[in-house]
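The values are calculated or read from the model by the stated rules, or taken from the named source; none is laboratory data. These numbers come from a predicted model, not from an experiment. All Cβ positions, even for glycine, are placed from backbone atoms using ideal geometry, and neighbour counts span all protein chains on display.
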Amino acid sequence: MKNKYSIFSLIKNAFSYHENWQKAWKDPLPKKEYDVIIIGGGGHGLATAYYLAKKHNTKNIAVVEKGWIGGGNTGRNTTIIRSNYLWDASAGLYDHALKLWEGLSQEINYNVMFSQRGVMNLAHNLQDVRDLKRRTHANRLNGIDAVYLSTKEVKKFCPIINTSPDIRYPVLGGTLQRRAGTARHDAVAWGYARAADEMGVDIIQNCEVKNIKRKGDVVEGIETTKGFIKTNKIGVAAAGHSSVLANMAGLKLPLESKPLQALVSEPIKPIIDTVVMSNAVHAYVSQSDKGELVIGAGTDDYVSYSQKGSHDIVEGTLNAILELYPIFSRMKMLRQWGGIVDICPDASPIISKTSIKGLYFNCGWGTGGFKATPGSGDLFAHTIANDEPHKLNAAFNINRFVSGDLVDEHGAAAVAH
Amino acid sequence: MFIIKCPFCGEREQSEFKAGGEAHIIRPKQPTELSDDQWAEYLFMRKNIKGIQFERWNHVHGCRKWFNVVRDTSNDEIKAVYKMGEKPPVQ
C-alpha cells in the first residue's frame, strides 16, 4: 500500500529531511509469464497499464522499457495540451483526453501540474483566417470551447506579441481554447508509474525487447535483454521505434520516424502566461514554471533515429519567434534536443488491433502525442482488454489505410504536423 | 545535419536537399488491377528502417536532380550515393 501524497506527508517527511520517502515504484525482475505486456514505459504505455488494471480488472501486467521511466519522448515534448482538432473523430479522441487531464492529479494522487492557461493559435494570412474560423465552428459543434480573436484581442490576451501590420507575416487574428494548457511532462510518467505500480503492475526498466515471438498468427511472447517473457497479449506503445517493433513481428506500418526538435531558454520572470502557437511561421512558445521559454520547432523531412535534428529547422523557428516577439531578441537558449516521432500519412494516430492475434499497436502520434496521454492509455486499455476498439478510437484503426477512410488532420489540426 | 555528396554538384549541406523517402518502391504497372491492400502497401506502408536505408533525395536548391542515397538512419552516416536508374550497391 502506498502512502498518500498530501500536505501532511510533506510536513512529516520534512522532519526527516526528506530521506524516508517511500519508493514511488518497485524495480522487479520480469516474471515468466504475464497476461498483458506493454512495450514502452512512456506516458502512453504506463497509462495503458494503469487503466487496464484499474478499469478492466487485468491482474498480471508488465510494462517493459528499454531505458528508464521518463527518459523517452515523454520527457522531450513541449508539454502542450489542447483538443481543438477539426474532424469529429479527432475532437472526440483529444477532448476525451482533455477531460481526463482535468481530474488526473487527484485520480493518481500525483501533482502533474496541469495548468489550463489557454492555447492561442495565430492566423497570418487570409487562408489561415478562413481555416481558423472554420475550425472554431467545428470545435463548438463538437462541444469543445473555442473562440475566434481579432488582432486587437490577440494583443490584449498576450501583450508581448508584435501585431504590427508591417512585419513579414502579420497577425490577422487567432483562436483561443481556454481549457487547453500545459502539464509537467515527466510528472505524468512518474505519476502513472506510481499509480500502476500500486495496482500491481510490474514496471521493468532497462529491458530492451529484441524480438516478438509468434506462432503462426498468434503472439507467444517477447525476447528481451532480461530473457524470454511469455504472454498472449502485447500492446506496443513505442513512439518513434514502433516500426522497429512491427518489423520484429513481420508487420509493416504506415509510419515514418523523424526528428522533432525543441529548445528552452535561460529562465526569466513571468512574461507569457499562455501558450501561443503559429502554424504558418511554425513557432510555438510557452513559459515553464521554472521561467524558461519552451519553444517547439518543426520536424526534419528525412527518416532518422539519431535524436538530432538539423540546425536550419531551429534557425527557421527562432526567426519566426523573433519577429513575433522582438522582446526575446537578446535571450540565450540553454538547451536544444531532438526526439524521434512516428508520423502517419494522415497525421492521426493508430490505436488498433493488427492482423496478428494478441498484438496491438498504439502509434503514429507524430508531433502531438503528449496531449493525448490519458485518453490514449484509456482507449488502448479498452482495445486490449476487449479485443475491439472503443467507439472513440474506432476511426483510428490500422485498416483505414486500406479502406481510405483517413482522418486527415494534416494542417487541419491547428498546427502543421 | 550532415553533408550529402550530390552526384552532379559535389558535397553540399543537407539543408540544400529535400528528402524523398524510401527508394525503389515500384509504381504499379497495372493500377486498375490493384486490390485495396496492394494500394495501401504502395501508397502508405513503409519499411522505416533503423539502420541502413535506401532513399531518394532531390537537390532542390542546386541542380534540382533526383538521386539515391544509402544512409544509416541510426546515426545519419551516408554510405553511398548513386544516380537514378543505377543499380543499388550491395550492402
### Task
Scan region A:353-364 and report the pairs whose first residue is over 11 Å from A:LYS233 (Cβ atoms) and whose second residue is aromatic (Phe, Trp, Tyr) and crowded, with 22+ Cβ neighbours inside 10 Å, with Cβ atoms within less than 8 Å and a gap of 6+ or a chain change.
A:THR354/A:TYR360; A:THR354/A:PHE361; A:ASN362/A:PHE380
### Query
Among the numbered criteria (1) more than 24 Å from A:ALA249 (Cα to Cα); (2) within 12 Å of the chain's Cα centre (by Cα); (3) within 8 Å of chain A (Cβ to nearest Cβ); (4) surrounded by fewer than 18 Cβ atoms within 10 Å (Cβ to Cβ), which single criterion is violated by B:ARG56?
(3)
### Query
Got at least one residue in region B:3-10 being of a type in the set (Phe, Trp, Tyr) and either touching a Leu at 6+ places or on another chain (Cβ under 8 Å) or more than 9 Å from chain A (Cβ to nearest Cβ) (or both)?
yes
### Message
Condition first: surrounded by 15 or more Cβ atoms within 10 Å (Cβ to Cβ) and over 14 Å from the mean Cα position of the chain (by Cα). Can you find one or more residues in region B:76-83 that meet it?
### Response
no
### Message
Cβ-Cβ under 6 Å, sequence separation 6+ or interchain: first residue in region B:32-44 and within 8 Å of chain A (Cβ to nearest Cβ), partner in a helix (DSSP H, G or I). Which pairs?
### Response
B:ASP36/A:VAL402; B:ASP37/A:VAL402; B:ALA40/A:PHE401; B:ALA40/A:VAL402; B:PHE44/A:PHE401
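Residues are listed down the side, and each one gets a yes or a no for (1) touching a His at 6+ places or on another chain (Cβ under 8 Å); (2) more than 30 Å from A:TYR50 (Cα to Cα):
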site: A:ALA297; (1), (2): yes, yes
site: A:GLY309; (1), (2): no, yes
site: A:ARG330; (1), (2): no, yes
site: A:HIS382; (1), (2): yes, no
site: A:GLU388; (1), (2): no, no
### Query
In region A:292-305, what count of residues is obtained for those that are under 18 Å from B:PHE2 (Cβ atoms) and either within 8 Å of chain B (Cβ to nearest Cβ) or assigned to a loop (DSSP other than H, G, I, E, B) (or both)?
6
### Query
Which members of region A:273-313 meet the condition of being over 20 Å from A:GLU256 (Cα atoms), at pLDDT 95 or above and β-branched (Val, Ile, Thr)?
A:THR274, A:VAL275, A:VAL276, A:VAL285, A:VAL294, A:ILE295
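For region A:288-345, enumerate the residues that are of a type in the set (Lys, Arg) and closer than 24 Å to A:ILE268 by Cβ.
Initially, region A:288-345 is screened for residues of a type in the set (Lys, Arg), giving A:290, A:308, A:330, A:332, A:335.
Within region A:288-345, A:LYS290, A:ARG330, A:LYS332, A:ARG335 meet the criteria.
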## Note on the structure
Output for Cβ contacts, cut-off 9 Å, separation at least six or different chains, first residue within 21 Å of A:THR367 (Cβ to Cβ) and touching a residue at least 12 places away in the same chain (Cβ under 8 Å) in region A:265-279, second assigned to a loop (DSSP other than H, G, I, E, B) and of a type in the set (Lys, Arg), reads A:SER265/A:LYS332; A:THR274/A:ARG117; A:VAL275/A:ARG82; A:VAL275/A:ARG117; A:MET277/A:ARG82
### region A:113-133, residues that are closer than 21 Å to A:LYS371 by Cβ and part of a helix (DSSP H, G or I)
A:ASP131, A:LEU132
### Sole exception among (1) more than 14 Å from chain B (Cβ to nearest Cβ); (2) modelled with pLDDT under 95 for A:ASP346, by number
(1)
### Qualifying residues in region B:15-31 (those that are more than 7 Å from chain A (Cβ to nearest Cβ) and over 14 Å from the mean Cα position of the chain (by Cα)) - the one farthest from A:SER257 (Cα to Cα)
B:GLN30
### Query
Is it true that some residue in region A:196-207 is surrounded by fewer than 22 Cβ atoms within 10 Å (Cβ to Cβ) and part of a helix (DSSP H, G or I)?
yes
### Query
Taking the stated definitions as given, is A:LYS308 surrounded by fewer than 24 Cβ atoms within 10 Å (Cβ to Cβ), in contact (Cβ under 8 Å) with a residue 12 or more places away in the chain, facing another protein chain (nearest Cβ under 8 Å) and closer than 22 Å to A:GLY75 by Cβ?
yes
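Out of all the residues in region A:159-173, which are under 22 Å from A:ARG130 (Cβ atoms) and in contact (Cβ under 8 Å) with a residue 60 or more places away in the chain?
Here is the first cut: in region A:159-173, the residues under 22 Å from A:ARG130 (Cβ atoms) are A:161, A:163, A:165, A:167-173.
Correct list: A:ILE161, A:ILE167, A:ARG168, A:TYR169, A:VAL171.
Could you grab me the full set of residues in region A:320-352 that are free of Cβ contacts under 8 Å to residues at least 24 places away in the same chain and not small (Gly, Ala, Ser)? Explain how you work it out, then say what you get.
Start the filter on region A:320-352 by keeping residues that are free of Cβ contacts under 8 Å to residues at least 24 places away in the same chain, which leaves A:322, A:329-330.
Within region A:320-352, A:LEU322, A:ARG330 qualify.
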#### Entry: Members of region B:59-75 found to be surrounded by fewer than 18 Cβ atoms within 10 Å (Cβ to Cβ) and either away from chain A (no Cβ under 14 Å) or more than 23 Å from A:ILE340 (Cα to Cα) (or both), listed by number
B:VAL60, B:HIS61, B:GLY62, B:CYS63, B:ARG64, B:LYS65, B:TRP66
### Options A:LEU260, A:LEU324, A:LEU255; residue that is buried (at least 19 other Cβ atoms within 10 Å of the Cβ) and either more than 26 Å from B:ASN75 (Cβ to Cβ) or more than 17 Å from the chain's Cα centre (by Cα) (or both)
A:LEU324
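Need a quick list: strands (runs of 3 or more DSSP E) entirely within region A:209-291 having at least 1 residues that are more than 14 Å from chain B (Cβ to nearest Cβ) and polar (S, T, N, Q).
Working: elements: A:209-215, A:218-224, A:227-230, A:234-236, A:256-265, A:275-278, A:283-287.
Strands (runs of 3 or more DSSP E) meeting the threshold: A:209-215, A:218-224, A:256-265, A:275-278, A:283-287.
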